[in-house]
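Notes to accompany the following structure.
The values are calculated or read from the model by the stated rules, or taken from the named source; none is laboratory data. What you see is a predicted model; the values in this text were computed from it and never measured. FYI the Cβ positions are ideal-geometry reconstructions off the backbone, even for glycines, and counts take in every protein chain you see.
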Ligand SMILES: Cc1ncc(COP(=O)(O)O)c(C=O)c1O
């Protein structure tokens, strides 16, 4: 029903993904999609624009209520309305949460390789970044609990979790999240679970909202999610900050107000409400389309360039590719991908420890472009000196 095959030019739209990349190179780096948003979102925005007056919003309109129903339908967990606050984007929300919940000198754990801005977020407010790298057994990434026990100490106040995990594509299982939640509860560490990719889970996998695990975890942990990745509206700043604990919520709201960021963007209200109300069918079809793109890339790699290893993704539209067998340095690998394959991927080193020799490939683009891209990669590798 929806036409994900359509090639829509993004020229002259001020797109960061396309503008910095030379015209004959295919951009597959930053996490936005080359698909138009759900028609209902576009229609709602058009209707709002046609009104012609864009004054301050007095409330979130139907956004937060639509979110609770969406989470109930999609993730079998419905947060209470009064728990939900917002921020203009997930990163901005995470920074404000760190301000609200830490003192300078406190420690914050992240689990690399991970979404790069986590590094600066964890160092904001004068906090000390502590790394607990994921454990990779050659096939699958796991949370490293042994290492976690060693690095967590009484100064550790927060753990920022990426769930599902960008860039390794894990959809953490309920048992893994429960074990993490329990460890953090015992050690007075609040988990901020960045669930921006929660809706982008591949068939046969199921996302678990962290706060859905148990009442105790619910009472002490925070979930951040957003309509931006799901419906391809990341240029409209909107994210949901879900804080069941009243004291933690009050602290967050104080920072939100101090930064004068509590009035939501007029287009964010419109787009988020429409997306969470009408977006199910579009998302269901999108997920099948993304899965077919992933299979195309996975099968081609396996059959024709088996020296490259694709880490089997469970969620997100971002593939984590292991190029280590080529024996290139990270700089050489990036140059090879750009100059020989004519692709612009995100170098693994941008995700910190554990990223050397890897590349992240965004496959949220029409199939014909993905086909061209993977052929270019095959040719580059087969003709490599
Ligand atoms: C894990 C994660 N968090 C946050 C973001 C960005 O969120 P925002 O643009 O709302 O700040 C991204 C974007 O790729 C992401 O992967």
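Counted as qualifying within the stretch 278-385 are the helices (runs of 4 or more DSSP H) with 3 or more residues that are without any contact (Cβ under 8 Å) to a residue 60 or more places away in the chain and under 23 Å from residue 7 (Cα atoms), namely 280-304. Looking only at the stretch 100-120, residues that are in contact with a helix residue (DSSP H, G or I) (Cβ under 6 Å, 6 or more places away or on another chain), within 11 Å of residue 158 (Cα to Cα) and within 16 Å of the ligand (Cβ to nearest atom) come to 2 in all. The residues of the stretch 46-62 that are part of a helix (DSSP H, G or I) and in contact with a helix residue (DSSP H, G or I) (Cβ under 6 Å, 6 or more places away or on another chain) amount to a single one, 48. For residue 68, the conditions (1) within 16 Å of the ligand (Cβ to nearest atom); (2) over 26 Å from residue 342 (Cβ atoms); (3) not in a loop (DSSP other than H, G, I, E, B) are fulfilled apart from (1). Within the stretch 234-254, the set of residues being in contact (Cβ under 8 Å) with a residue 60 or more places away in the chain, outside any helix (DSSP H, G or I) and more than 16 Å from the ligand (Cβ to nearest atom) comprises 243, 244. From the residues in the stretch 136-188 that are more than 26 Å from residue 106 (Cα to Cα) and within 16 Å of the ligand (Cβ to nearest atom), which one is farthest from the chain's Cα centre (by Cα)? Checking each candidate, the answer is 141.
Condition check ((1) exposed (fewer than 15 other Cβ atoms within 10 Å of the Cβ); (2) within 28 Å of residue 319 (Cα to Cα); (3) not assigned by TED's automatic domain parsing to the domain that holds residue 251) across all residues:
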position: 98; (1), (2), (3): no, no, no
position: 137; (1), (2), (3): yes, yes, no
position: 149; (1), (2), (3): yes, no, no
position: 164; (1), (2), (3): no, yes, no
position: 171; (1), (2), (3): no, yes, no
position: 180; (1), (2), (3): no, yes, no
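When the criteria are applied in full, residue 199 fails the requirement of being touching a residue at least 40 places away in the same chain (Cβ under 8 Å), away from the ligand (no atom under 16 Å from the Cβ) and not in a helix (DSSP H, G or I).
For the stretch 202-225, filtering for residues that are modelled with pLDDT of 95 or more, surrounded by fewer than 19 Cβ atoms within 10 Å (Cβ to Cβ) and under 24 Å from residue 312 (Cβ atoms) leaves 2.
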